[in-house]
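These notes concern the structure reproduced below.
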Amino acid sequence: MTDSMPATPEEVRRRAAATDRQRRRQARPVSRQWRRRGLMALYIVFVLLPIYWLLNMSFQSNTEILGGLTLWPENFTVEHYTKIFTEASWYMGYVNSLGYVLMNMLISIVVALPAAYAFSRYQFIGDKHLFFWLLTNLMAPPAVFLLPYFQLYYTVGLFDTHFAVALAHCLFNIPLAVWILEGFMSGVPKEIDETAFIDGYSFPRFFIKIFIPMISSGIGVTLFFLFMFSWVELLLASTLTATEAQPIASVMTQTKGASGIDWGALAAAGVLTILPGIVVVYFVRHHIAKGFALGRT
Amino acid sequence: MNNKVRDNRAWWLILPMLLLVSFSAIIPLMTVVNYSVQDVFDANTRFFTGTEWFEVMLNDPALQVALLRQFAFSLTVLAIEVPLGIGIALLMPKRGWQASAVLILVTLPLLIPWNVVGSIWQIFTRGDIGLMGWSLRELGYSYNITSSPVDAWATIVIMDVWHWTPLIALLCYSGLRSIPEAYYQAARIDRASTWSIFRYIQLPKLTNVLVIGVLLRFMHSFMIYAEPFVLTGGGPGNSTTFLSQSLTTMAIGQQDLGPSAAFSLIYFLIILLVCWVFYTAIMNMQKDNNNPEA
């Protein structure tokens with residue numbers, strides 16, 4: 001049949017369609033699709049396995065944890081979570097951490113927005129050097145500033161306050177915010193600014209009413225990064241606080257008691273530090289796909 | 001973008017940011033510089049020593065080893081994370097609910113506090129109660145991060161790959177998303193192979209995001225502190241003591257103000273030098289992008 005000459009136009013079309021289908025099948029074999037999914041699933045398992053283990057331990061009693069390896073909690077218990085939510089020394093750690101993180105996000109974004117606008121729209125004396133200097137702060141290892149920060153904040157009376165940590169995290173978060181926002185702002189055509197000014201908008205009104213809504217996904221991504229880097233930082237946060245503003249990271253070191261480490265409480269506290277991150281990433285999930293390139297693709 | 005307006009009033013927009021960052025950056029930095037040229041005994045007794053501390057620090061064999069170890073670590077994790085991150089980005093689904101779900105799952109490790117990352121892996125790799133440590137032992141490998149430097153090193157590298165590959169993957173994923181569908185259609189018409197699509201369409205588009213990714217990864221791996229500190233405490237011996245930890249021990253633990261300040265400055269200058277090279281690279285690339293005919 002395949003060798004015979006086609007007799008009718010329908011036959012020609014039918015055969016052409018069949019060859020085309022076959023060619024397409026050869027070009028994108030189903031097995032390749034499944035291999036892609038398989039590899040992706042493998043990576044997801046690699047990401048989730050350590051987290052699952054933490055979750056698993058947080059629901060076990062300490063005797064079960066130390067009694068032997070169990071792949072899932074056999075005597076399901078929430079005692080560690082109850083402990084964290086009822087003891088002030090524990091839950092205040094979360095409140096303190098969230099407090100300085102939010103404070104830092106607010107300060108950083110408010111001062112970074114106009115600065116990023118200046119860098120993306122104007123040429124002025126020393127702009128390139130200033131921008132480079134900003135980026136160098138992003139590279140400064142927190143360990144370098146540990147002792148001077150301690151002395152500085154102690155001298156000005158800010159030691160052991162949320163504000164001290166929020167201010168200290170500005171060291172790397174403001175340059176980061178300026179850098180990310182500058183990328184997004186440079187993607188907005190300059191003609192929009194000019195048109196708005198011709199239409200009689202004042203600078204502050206234009207900035208708030210027109211410009212900020214235009215780069216809202218950029219701001220979303222920036223806030224995500226600010227949250228991320230302030231939330232995960234431990235060295236400065238724990239050095240600049242003692243009791244009043246102690247972050248959850250240093251509270252967790254208390255689990256090393258006289259009778260060894262309280263593994264269950266450590267695991268439960270760890271699980272609870274992951275939750276705010278999940279909430280934040282859920283809110284920005286639509287912007288991540290494009291915005292993660294920081295406006296620089 | 002060469003159509004910027006020349007206007008020095010832009011400084012007013014920068015001023016608040018400048019004041020805040022200066023407070024956090026310049027005052028502490030000058031304190032460090034101040035300490036680095038003095039020998040401080042107590043609040044009232046101090047001597048000017050010039051560059052002596054710098055010479056001592058640069059000739060300290062323990063720090064030279066720590067520096068080499070730091071470079072080895074940074075290069076190792078970059079060599080693993082960059083290709084792996086690109087691979088993951090290519091595998092990630094592009095639309096539908098799977099895309100959102102995978103995005104959230106992949107981002108997860110980035111949002112865990114660094115010391116908790118250490119704790120997670122400490123629990124995960126313990127021989128008695130950790131899944132990975134226990135499994136390796138059951139398989140007959142005497143895995144022990146507290147006595148074997150090789151195991152400790154491998155574990156820290158795996159932990160860093162687990163922690164930071166998502167950053168490279170997400171950067172690349174968003175870079176890939178910016179490629180117009182027409183490019184792929186043209187490639188299909190030309191019957192381009194998967195490899196040549198990657199080499200001539202996807203990789204060039206990824207250059208910009210990859211520079212950012214490599215820059216961020218180099219910086220953070222060079223400053224790594226909390227994760228190895230919690231997981232191995234720098235041990236066994238000094239085999240996983242990286243620069244930040246040496247510095248913290250010297251500055252806070254031993255209160256050697258002069259030497260640790262000199263060390264801080266050397267440390268900072270190394271990162272700065274690498275950063276400058278990257279920055280120049282980014283600038284040149286942007287220049288090329290702005291003059292496509294060149």
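The values are calculated or read from the model by the stated rules, or taken from the named source; none is laboratory data. In this text, all values refer to a predicted model and were calculated from it rather than measured experimentally. For neighbour counting, all protein chains shown are included, and Cβ atoms are generated from backbone atoms with ideal geometry for every residue, glycine included.
Given the criterion modelled with pLDDT under 90, surrounded by 14 or more Cβ atoms within 10 Å (Cβ to Cβ) and in the same structural domain as residue A:183 (by TED's automatic domain parsing), identify the matching residue among A:100, A:91. The unique qualifying residue is A:91. Filtered by the rule that a residue be among the β-branched types (Val, Ile, Thr) and out of contact with any helix residue (DSSP H, G or I) (no Cβ under 7 Å at 6 or more places or on another chain), the range A:154-186 gives A:155, A:156, A:161. Looking at the range A:33-42, is at least one residue touching a residue at least 12 places away in the same chain (Cβ under 8 Å), surrounded by fewer than 16 Cβ atoms within 10 Å (Cβ to Cβ), facing chain B (nearest Cβ under 9 Å) and among the hydrophobic types (A, V, I, L, M, F, W, C)? Within the range A:33-42, none of the residues are touching a residue at least 12 places away in the same chain (Cβ under 8 Å), surrounded by fewer than 16 Cβ atoms within 10 Å (Cβ to Cβ), facing chain B (nearest Cβ under 9 Å) and among the hydrophobic types (A, V, I, L, M, F, W, C).
Residue pairs whose Cβ atoms lie under 8 Å apart, separated by 6 or more positions or on different chains, with the first residue in the range A:63-79 and facing chain B (nearest Cβ under 9 Å) and the second part of a loop (DSSP other than H, G, I, E, B), are A:65/B:129; A:66/B:128; A:66/B:129; A:69/B:128; A:69/B:129.
Return yes when residue A:248 is of a type in the set (A, V, I, L, M), touching a residue at least 60 places away in the same chain (Cβ under 8 Å) and closer than 28 Å to residue A:136 by Cβ and no when it is not. Considered against the rule, which asks whether it is of a type in the set (A, V, I, L, M), touching a residue at least 60 places away in the same chain (Cβ under 8 Å) and closer than 28 Å to residue A:136 by Cβ, residue A:248 comes out as no. Every test in (1) modelled with pLDDT under 80; (2) under 20 Å from residue A:249 (Cα atoms) is passed by residue B:227 save one, and that test is (1). With respect to the conditions (1) assigned to a helix (DSSP H, G or I); (2) more than 25 Å from residue A:183 (Cα to Cα); (3) more than 12 Å from every other protein chain (Cβ to nearest Cβ); (4) among the aliphatic types (A, V, I, L, M), residue B:145 lacks only one, and its number is (1).
Let's see how each residue does on (1) surrounded by fewer than 22 Cβ atoms within 10 Å (Cβ to Cβ); (2) farther than 22 Å from residue B:100 by Cα; (3) touching a helix residue (DSSP H, G or I) at 6+ places or on another chain (Cβ under 7 Å):
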{"position": "A:188", "(1), (2), (3)": "yes, yes, yes"}
{"position": "A:198", "(1), (2), (3)": "yes, yes, no"}
{"position": "A:210", "(1), (2), (3)": "yes, yes, yes"}
{"position": "A:221", "(1), (2), (3)": "no, no, yes"}
{"position": "A:239", "(1), (2), (3)": "no, yes, yes"}
{"position": "A:261", "(1), (2), (3)": "yes, yes, yes"}
{"position": "A:279", "(1), (2), (3)": "yes, no, no"}
{"position": "A:282", "(1), (2), (3)": "yes, no, yes"}
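Going by the structure shown, is residue A:147 in contact (Cβ under 8 Å) with a residue 12 or more places away in the chain, facing chain B (nearest Cβ under 9 Å) and of a type in the set (A, V, I, L, M)? So residue A:147 fails the test.
Can residue B:156 be described as buried (at least 19 other Cβ atoms within 10 Å of the Cβ), more than 9 Å from chain A (Cβ to nearest Cβ) and in a loop (DSSP other than H, G, I, E, B)? Criteria not met by residue B:156.
The residues in the range B:1-22 that are surrounded by fewer than 16 Cβ atoms within 10 Å (Cβ to Cβ), part of a helix (DSSP H, G or I) and at the interface with chain A (Cβ under 7 Å from one of its Cβ atoms) can be counted, and the count is 0.
Could we say that residue A:188 is of a type in the set (Val, Ile, Thr), part of a helix (DSSP H, G or I) and more than 10 Å from chain B (Cβ to nearest Cβ) here? Here the answer is no, as residue A:188 does not meet what is asked.
Considering only the range B:80-98, I want to know if a residue exists there that is crowded, with 16+ Cβ neighbours inside 10 Å and either among the basic types (Lys, Arg) or away from every other protein chain (no Cβ under 14 Å) (or both). There is at least one residue in the range B:80-98 that is crowded, with 16+ Cβ neighbours inside 10 Å and either among the basic types (Lys, Arg) or away from every other protein chain (no Cβ under 14 Å) (or both).
Where helices (runs of 4 or more DSSP H) sit wholly within the range A:214-297, those with at least 1 residues that are modelled with pLDDT under 85, within 8 Å of chain B (Cβ to nearest Cβ) and under 17 Å from the mean Cα position of the chain (by Cα) occupy A:263-283, A:285-291.
Looking across the range B:203-238, just one residue is within 12 Å of another protein chain (Cβ to nearest Cβ), surrounded by 15 or more Cβ atoms within 10 Å (Cβ to Cβ) and over 21 Å from the mean Cα position of the chain (by Cα), and that is B:205. Scanning the range B:239-255 for residues that are part of a helix (DSSP H, G or I) and crowded, with 17+ Cβ neighbours inside 10 Å yields B:243, B:244, B:245, B:246, B:247, B:248, B:250, B:251.
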